[in-house]
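What follows draws every value from the coordinates through simple rules; no lab data is involved. Nothing here was measured: the structure is a model prediction, and the numbers come from that model. All Cβ positions, glycine included, derive from the backbone under ideal geometry; neighbour counts span all protein chains shown.
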């Protein structure tokens, strides 16, 4: 029992202050709404939008020129686009 208490204290200390999955989902949903139809660079740790451009080439050039690291590049679909299911 004592080992388990120590382990849970250590784990809870490591994850204190990090975003929950729900918070992260809401943040991404808001970012996609603001940048609909664009390619978006999202910080892996915080989930913040770093940059958004119309093409992936423009976004890649911007990321390289600014020396930005630790981002994921995704496309934010617009509401007019059909939802892709399967392999297309």
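A few remarks follow.
- Potential extension, residue 61-residue 75 segment - 0.36 nm per residue separation minus Cα distance: 3.5 nm
- Separation in nanometres of the label points that stand 7 Å from Cα toward Cβ, at residue 68 and residue 83: 2.8
- Label-point separation, residue 54 to residue 28 (7 Å along Cα→Cβ), nm: 2.7
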